[in-house]
1. Would the stretch 12-22 turn up any residue that is open to solvent by 80 Å² or more (accessible area, probe 1.4 Å), aromatic (F, W, Y) and at pLDDT 95 or above?
2. Residues to consider are M9, M30; find the one that is in contact with a strand residue (DSSP E or B) (Cβ under 8 Å, 6 or more places away or on another chain) and either open to solvent by 60 Å² or more (accessible area, probe 1.4 Å) or at pLDDT 95 or above (or both).
3. May I ask you to list pairs of residues, at least six apart or on different chains, whose Cβ atoms are under 8 Å apart, with the first in the stretch 16-32 being in contact (Cβ under 8 Å) with a residue 12 or more places away in the chain and of a type in the set (A, V, I, L, M) and the second being open to solvent by less than 60 Å² (accessible area, probe 1.4 Å) and assigned to a helix (DSSP H, G or I)?
Amino acid sequence: MTQSEILSMIVGDVMDRWPETVEIFHRRRMACPGCAMAPFMTVAEAARSYDLSERLFSEDLIATIGASARMETAS
């Protein structure tokens, strides 16, 4: 997954597809989990609305998704 791919995804879709990413939103004190805008807002828009670096935020999400995929493969 590339940064541009994750940044263009809808927040709700990311959390639905990879529930382990919810922790990333919580860690950054983002209200995205449970927010009415999550089904409509992209990851990039959410990062900007919280004044977060899109690059750093997307890297954290990608790392979490990758770690989860590696754990599933090892099982």
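1. So far as the stretch 12-22 goes, no, none of its residues is open to solvent by 80 Å² or more (accessible area, probe 1.4 Å), aromatic (F, W, Y) and at pLDDT 95 or above.
2. M9
3. Going by the 8 Å Cβ cut-off, the qualifying pairs are I24/F57; I24/D60; I24/L61; I24/T64; M30/A46.
The values are calculated or read from the model by the stated rules, or taken from the named source; none is laboratory data. No experiment lies behind these values; they were computed from the predicted model shown. Neighbour counts are summed over all protein chains in view; Cβ atoms, including those assigned to glycine, are modelled from backbone coordinates with ideal geometry. Just the protein is used for accessible areas: all its heavy atoms, side chains included, with ligands, DNA and RNA removed. Shrake-Rupley method; radii C 1.70, N 1.55, O 1.52, S 1.80 Å.
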